[in-house]
Amino acid sequence: MTKFSDLTRLPDAQGHFGPYGGRFVSETLSFALEELEKAYMSLRDDADFQAEFDRDLAHYVGRPSPLYHAERWSQKIGGAQIWLKREDLNHTGAHKINNTIGQALLAKKSGKPRVIAETGAGQHGVATATVAARLGLKCEIYMGAEDVERQKLNVYRMRLLGAEVHPVESGSRTLKDAMNEALRDWVTNVDDTFYIIGTVAGPHPYPAMVRDFTAVIGREAREQSLAQIGRLPDALVACVGGGSNAIGLFYPFIEDEDVAMVGVEAGGDGVETGRHAAPLTANAPSGVLHGNRTYLMSDASGQVSDTHSISAGLDYPGVGPEHALWKDVGRVSYVAANDEAVLEAFRELTRIEGIMPALESAHALAHAKVMAAAMRPDQHIVINLSGRGDKDIHTVAKLDGLEF
Amino acid sequence: MTMNRIDQRFAALKAQSRRALIPYITAGDPAPQHTVGFMHACVDAGADVLELGVPFSDPMADGPVIQKACERALKQGTRMADVLDMVATFRDTDQTTPVVLMGYLNPIERMGYDTFAQRAREAGVDGVLMVDMPPEEGAEIAPLFAEHGLRSIFLLAPTTSPTRAATICAHGEGYLYYVSLKGVTGAASLDVEAVERQLAPIREMTDLPLCVGFGIRDGETAAAVGRVADGVIVGSALVSRIAENADHPEAIPAALKAVLGDMRDALDR
């Protein structure tokens, strides 16, 4: 097995995480990615840039986000103590803003007046539209037509923020198709446009860059655990679609071998039914999509599969390449939570703790509940509560037979 | 490297001081049984090399015209194995026209690079152009293709830096595909003077034929580009004709010949 300390030195110069990652893009984008890599590498170690980033995280996003001990829920489960890393309390209501703040600063420093983004549930779109409004950048968002339908509230939020939202009608009309369309826009407008990718996927340097901007979650959680629990937690749990919130929490703990890590994918109707969005759990074969090699759900002839999840934000056939490597080397285990268990966890946290989680984050809750029940009360689990559930009220109400 | 059909064809064109006319069609569009006939029609109209698109669910570098062609072909069940069968059938009656498969990497990744290369060679494929495989990522893949006599064709773009251009020229085989504009396939018209300016330094780096694609719609643009390049590649203009006639495919060969015939005449004038 790879030494876990080696994992912190990735990706390599070509953007590879072992056999995964890379830069599989059409030639027109190669130069833009090289420039982005150069800009990012120089600013990453630039004290002024980091100070500006930290200042924005503190005063605009509202960091640090609390680490909250869900005592009542822990008691009810009757096992390990559950702690919630409250990314739902960030400005715009999810962890996505951490990354968009970082990339928008880069866009500004690169002199690009226009930003574009893809979005699934709309959280990344909202976060991008928000920072674009604040920095005075023109903003256009690509969103699958199906997601536009199921996330109307976020679509309107983006429009209020001054962004143009383009519903994408091609393919399966979800997140992957939105990303295709954003890439087509970028290849056309590459001179004046910065593409703010919302997850740890895409061509190098995006997976590493998004990870680094999001890792503030884990750095805080690590310090907070030491201060509040008195030691590191026994386990970390986070949901995984592309995998940005999970990487953000896990990465700063990667060398802490005693801390178990579990990524929870979207099980949909059940991995065994084929109607899911869980490439790691299902052991999907390696494939190439959106600029990187990773575990990818595709049919035997290499056509990318339609996915299914109750949460638009996890409805993606691939996963960030670093997660793919972490699975292979055994550093993180990946499991899936089905729609039904997710809804139950959504209702339970809302009723017992008065915290309404995003359906994406409820995947982590659903699995952590099972884990906690099998653990002792003196053990501790930190869950990334990556977003709040306001955007999902329509989806849940519909299941209850209500229409607003 | 032994000469393959691509090298032979460009050598012959050079000897005659002629420009290559390279049509692109998506295999299986509007239905698989028509594709081989369309390939022959293209050759009859003066095509020198055929680019045959392998349909893919997520054609990120393509505009709406070729996206829809992929959707039609996939709906009719066209997969990589079928595309290879089409090439094999085409070879029953045409052993000289080079065929290049163009598309995205994932269908090959799933088949396995070695298996694909072997089957492609058996079918009579001469070259492979994968839009999302730049030479850096192709470092381990291209040699597998070469073992089976397949040429790896790479793209150059207006945004390609001189350093990258040198790398691409060093890895390129068969011919180089210069993407005339920033955008997806089927986008706006190209600027011939800009193309000429950008091709000049590339000429200094390589003896490979330089072919230009994106934005070539008719005889006039083909002729203009033909004056500065070794070949012209035409895709969306043909695929649009296929789309217009999808309900009466018997009309498509004549429609393809009309577009290509004009281009051939203009190039040879």
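The values are calculated or read from the model by the stated rules, or taken from the named source; none is laboratory data. For clarity, every value in this text was computed on a predicted model and none was experimentally measured. Note that we place each Cβ from the backbone using ideal geometry, even for glycine, and neighbour counts take in every protein chain shown.
Worth a mention:
- Inside segment A:293-309, residues that are at the interface with chain B (Cβ under 7 Å from one of its Cβ atoms) and among the polar types (S, T, N, Q) make up a count of 3.
- Residue list for segment A:6-31, restricted to those being more than 7 Å from chain B (Cβ to nearest Cβ), of a type outside the set (Asp, Glu) and assigned to a helix (DSSP H, G or I): A:LEU7, A:THR8, A:ARG9, A:LEU29
- Checked against (1) crowded, with 19+ Cβ neighbours inside 10 Å; (2) without any contact (Cβ under 8 Å) to a residue 12 or more places away in the chain, A:SER42 passes all but condition (1).
- Scanning segment A:187-216 for residues that are aliphatic (A, V, I, L, M), outside any helix (DSSP H, G or I) and either more than 14 Å from chain B (Cβ to nearest Cβ) or surrounded by fewer than 24 Cβ atoms within 10 Å (Cβ to Cβ) (or both) returns A:VAL190, A:ILE196, A:VAL200, A:ALA215.
- Cross-chain or 6+ apart pairs with Cβ under 8 Å, segment B:179-198 first and more than 19 Å from B:ALA69 (Cβ to Cβ), then at pLDDT below 85: B:SER180/B:LEU190; B:LEU181/B:ALA187; B:LEU181/B:ALA188; B:LEU181/B:LEU190
- Flag if A:GLN81 is touching a strand residue (DSSP E or B) at 6+ places or on another chain (Cβ under 7 Å) and outside the structural domain of A:GLY202 (by the TED database): yes
- In the set (1) within 14 Å of another protein chain (Cβ to nearest Cβ); (2) touching a Lys or Arg at 6+ places or on another chain (Cβ under 9 Å); (3) crowded, with 24+ Cβ neighbours inside 10 Å; (4) not hydroxyl-bearing (Ser, Thr, Tyr), the condition left unmet by A:ALA312 is number (1).
- Within segment A:272-292, being surrounded by fewer than 21 Cβ atoms within 10 Å (Cβ to Cβ), away from every other protein chain (no Cβ under 14 Å), on the phi < 0 side of the Ramachandran plot and not in a strand (DSSP E or B) holds for A:GLU272, A:THR273, A:ALA282.
- The residue that is farthest from A:SER298 (Cα to Cα), counting only those in segment B:55-80 that are assigned to a helix (DSSP H, G or I) and without any contact (Cβ under 8 Å) to a residue 24 or more places away in the chain, is B:GLN67.
- Looking at A:GLY102, A:GLY122, just one residue is of a type in the set (Gly, Ala, Ser) and at positive phi, and that residue is A:GLY122.
- Meets criteria (more than 14 Å from chain A (Cβ to nearest Cβ), crowded, with 24+ Cβ neighbours inside 10 Å and modelled with pLDDT of 95 or more) for B:VAL49: yes
- Single residue of A:ARG72, A:ARG63 found to be touching a residue at least 24 places away in the same chain (Cβ under 8 Å) and either in a loop (DSSP other than H, G, I, E, B) or in contact with a Ser or Thr (Cβ under 8 Å, 6 or more places away or on another chain) (or both): A:ARG63
- Selection of segment B:126-155 for residues being away from every other protein chain (no Cβ under 12 Å) and closer than 29 Å to A:VAL187 by Cα yields B:ASP126, B:GLY127, B:VAL128, B:ALA142, B:PRO143, B:PHE145, B:LEU150, B:ARG151, B:SER152.
- The selection criterion, being touching a strand residue (DSSP E or B) at 6+ places or on another chain (Cβ under 8 Å) and among the aromatic types (Phe, Trp, Tyr), holds for A:TYR142.
- Segment B:132-191, residues that are in contact with a Ser or Thr (Cβ under 8 Å, 6 or more places away or on another chain) and of a type in the set (Lys, Arg): B:ARG164, B:LYS182
- Cross-chain or 6+ apart pairs with Cβ under 7 Å, segment A:238-250 first and assigned by the TED database to the domain that holds A:ALA278, then of a type in the set (Lys, Arg): A:ILE247/A:ARG211; A:LEU249/A:LYS85
- Candidates B:ALA117, B:ALA88 - the one that is more than 14 Å from chain A (Cβ to nearest Cβ), in contact with a strand residue (DSSP E or B) (Cβ under 9 Å, 6 or more places away or on another chain), part of a helix (DSSP H, G or I) and free of Cβ contacts under 8 Å to residues at least 60 places away in the same chain: B:ALA117
- Hits in segment B:60-111 - residues which are among the β-branched types (Val, Ile, Thr), touching an Asp or Glu at 6+ places or on another chain (Cβ under 9 Å) and under 19 Å from B:GLU137 (Cβ atoms): B:VAL100
- Hits in segment B:92-114 - residues which are within 12 Å of another protein chain (Cβ to nearest Cβ), surrounded by fewer than 23 Cβ atoms within 10 Å (Cβ to Cβ) and of a type in the set (D, E, K, R): B:ARG110
- The set of residues in segment B:144-168 being in contact with a strand residue (DSSP E or B) (Cβ under 6 Å, 6 or more places away or on another chain), in a loop (DSSP other than H, G, I, E, B) and farther than 14 Å from B:GLU122 by Cα consists of B:ILE153, B:ALA157.
- So A:GLY102, is it surrounded by fewer than 22 Cβ atoms within 10 Å (Cβ to Cβ) and at pLDDT 95 or above: no
- Residue check, B:VAL228 more than 12 Å from chain A (Cβ to nearest Cβ) and at pLDDT 95 or above: yes
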